[in-house]
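Beneath this line is the structure, given in structure tokens, with notes to follow.
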Amino acid sequence: MIKKIGIVLIVLFSFGCSSTSLIGSDVVVDSTLNDDGFVESSKNDSDFIDAVNDSDFVDAVSDSDFVESAMESDRFLSLFNEAKIHFADALIALHENDTVEVALQLKLTFESLSDIEVFNNLDEIEYKELKSFTNRLIFDFKKFVPDDAKIHDQFTVIDMRESMEYLAEDYISTGSDQKIKIIEDRDGHIPIILNSRVQRIMDYFQSTGRKNFQIWLNRQTKYEPIFNKIFDEKRMPRELLYLSMIESGFKTSAYSYAYAVGQWQFVYATGKQYGLNRDYWVDERRDPEKATYAALEYLGDLYNYFGDWYLAMAAYNAGEGRIRRAIRYNDTRDFWKMSSLPKQTRNYVPTVLAAAIIGMDPEKYGFEPPKKQKKYEYDTLVVKNSVELRSIAKVTSTKYSSLKELNPELRRHSTPNYEYVLKIPKGQKKVVKEALAKNESVKKVKYSEYRVKRGDSLIKIGRMFNVSVRNLMSANNLKNRQPILIGQKLVIPGDGYVQKSTQKTYRNYSSSHDRVTYRVNKGDNLGKIAKKFSTSVSNLRNWNGLNKKGYIHPGQKLTVWTKKTNHSVSSSERKIIYTIKKGDTIGGIAEIYNTRASKIRKWNNFYYGKTIYPGQKIVIYVSNDSSSSTKYYTVRSGDSLERISKKTSVSVNKLKRLNPKISPSKIFPGDKIRIH
């Protein structure tokens, strides 16, 4: 016990306790780049200080700085002491050879240190104390925490070591002493400079990030011509091309944790503000041209407000509110001196500049010459109805994936059910136009319609057709709180697949199967129907042109193919199709038709114990002279003349005529009732 206390005291007093906070690192690490290597955006447009007059705020800053600094100091002190306590616990566990506890306490230590990393304004003495602590931590537990160990979700040992190195750089040289090399500075363009922060990110792209950056360079050749055309049209600097590269790697399908979409990573609200539509069929944030026009308009607004391209790009990443606060807090409009910005944003502008420097001359920095890809060229055609994309691809002799690449904004496998400008391969406009006019080859998608009934609601209808309320509203252009009316027709959106023709399937099955039309009942699903007819769900989908997400609804008619019996009909027999009624059993049906249950099972390919359902049709073979033979029904428990009448399809009056000696109120189980 004394030894444990001694270890704790040694740790607590070996390192002085800081009273202020720690500036974050400027290095690009895993926490800055997502899985695809893209810089994540923290699009935060909220700014409650906007409501406060700027001059009043400036007067208040000097009074509030001390309070804010004290608050940060208290939290830093708390987290640093917490890290040291966990470190001491790890030493104790190491002394006792408890490796599991060592790993746990190291994880907690790293969590505390990663929380400390977000603080600012660390003085030189406190920095030395923290550096001494981290060096001791890494030295004592190197075998438990190798350089690539990811002990915290956003923090590794190598990140910590690099962070401390970059912090030292910040304290050794001030912003004014930084060596800056001007790469390019022309009127109407973004100044391209090289400093230590930009150089670090260039080093990252040339090492760890090389593979991703080469992919981006290759993809750039496809979109650069059309982007430059729009840049020139809007009189915006072409260097903004590299902002899109860092945001998405030029992927139209890029999607971030903050729900930002497309090559320019618009969140829904900002996209809507700048004219990008999103509904059930399209998401214009994925369209290269529409999104570029919107992004340039947004960046133009930011530049007009801040008057500086570095601040405009930082605001594109973090939100203009965050940049306004940074200007006030740091009392400067120099981006490179804004230490209060989040690490993501401090790295964002240097990352764009690093990409631009390498992008101007990739081979100089060790990259392969970009592989030229097919240019983003197309013709346009106005389509007034919903048309399946695969059929258009077939008409134009192109791949479906290529057509989707031309129209990345389409969210379904078809064009919308309203007028839409479709992009088609260059030189194919006439072919598609003729096919649409003749209504040949190009398949139009017919979505289901539902007429609203009394008591219906969008939630109820959505559950009935397995469609979300949002998609129902979008497909029918309904707004929030807009009521639906009895008799109103609603479009039930599907995936945009035309039901596949089943004529070929019918021909293949007609020789060995009987075709049955089944009407879907409430509560039915494909699995239940497949079980009824002793087939598989995949067969039902194929026979009815349903894809894996295809839905069915009450009243819908489905084609089902049932195996033909091997029984050869003789001249003395005839075939009867019997519809199962509620309460029927195979034994009871066999008795009615004076045959055996085993024969009915054989004729219908039923195994013993097979469940039958009301409405199901089965095949029965009876002799031609059976019309003149006498048939009897054996009374069962609970039977009455009315129930027997329903089971045998013989009227109650006829049963009375055929059985004059039996009183309807006095029939007992085991009695024989004549039914024919």
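Data table
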read-out	value
Gyration tensor (alpha-carbon) shape descriptor, segment 202-244, a/c threshold 1.5	oblate
Debye, to nearest 20: dipole size of segment 633-676, +1 on Lys, Arg Cβ, -1 on Asp, Glu Cβ	120
Debye log10 I(q)/I(0) for segment 386-459, one point scatterer per Cα, at q = 0.19, 0.22, 0.26, 0.27 Å⁻¹	-0.76, -0.97, -1.33, -1.42
Ranked packing of 298-311, 237-250, most packed first, by mean Cβ within 10 Å	237-250, 298-311
Once the Cα gyration tensor of segment 571-676 is diagonalised, semi-axes √(5λ) in Å	24, 17, 11
Net charge dipole size for segment 212-312 [Lys, Arg +1 and Asp, Glu -1 on Cβ; Debye, nearest 20]	240
Rounded to whole Å, sorted largest first: equivalent-ellipsoid semi-axes of segment 421-460, Cα gyration tensor	38, 13, 6
Above-threshold pairs, the threshold being 22 Å between Cα atoms, out of 575/617; 489/557; 599/666	599/666
Environment charge of residue 643, counting only residues whose C-beta is closer than 11 Å and scoring Lys/Arg +1, Asp/Glu -1	+3
Amide H partners (placed H, <5 Å) of residue 616, local residues excluded	580
Sites residue 253 and residue 364 - FRET efficiency at Förster radius 25 Å, r taken between beta-carbons, to 0.05	0.20
Normalised alpha carbon radius of gyration of segment 188-324 [divisor 2.2 N^0.38 Å]	1.05
Solvent exposure of segment 439-485 as accessible area per residue, Å², 1.4 Å probe	76
Binned Cα-Cα distances of segment 300-401, short to long, each 5 Å bin given as a whole percent	2, 10, 14, 13, 8, 7, 9, 11, 12, 7, 4, 2, 0
FRET efficiency estimate (nearest 0.05) - Cβ-Cβ, residue 470 to residue 672, R0 56 angstrom	0.35
Overall dimensions of segment 219-296 by Cα: Rg and Dmax, Å	11.8, 34
Segment 353-487: C-alpha gyration tensor shape, a/c 1.5 cut-off, then a/b vs b/c	oblate
Radius, Kirkwood style, for segment 302-355 when every pair of distinct Cα atoms is counted (Å)	10.8
Residue 594/residue 528 FRET efficiency (R0 22 Å; Cβ-Cβ; nearest 0.05)	0.10
Gyration tensor verdict on segment 254-342 (Cα atoms; rounded if a/c is under 1.5, prolate if a/b is larger than b/c, oblate otherwise)	prolate
Inter-probe distance in nm under a simple model that places probes 7 Å from Cα toward Cβ, at residue 649 and residue 519	1.7
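The values are calculated or read from the model by the stated rules, or taken from the named source; none is laboratory data. What you see is a predicted model, and the numbers here were worked out from it, not measured in a lab. Every residue, glycine among them, receives a Cβ derived from its backbone with ideal geometry; neighbour counts consider all protein chains shown. The accessibility values were calculated without ligands, DNA or RNA, using every heavy atom of the protein model including side chains. Shrake-Rupley method; radii C 1.70, N 1.55, O 1.52, S 1.80 Å.
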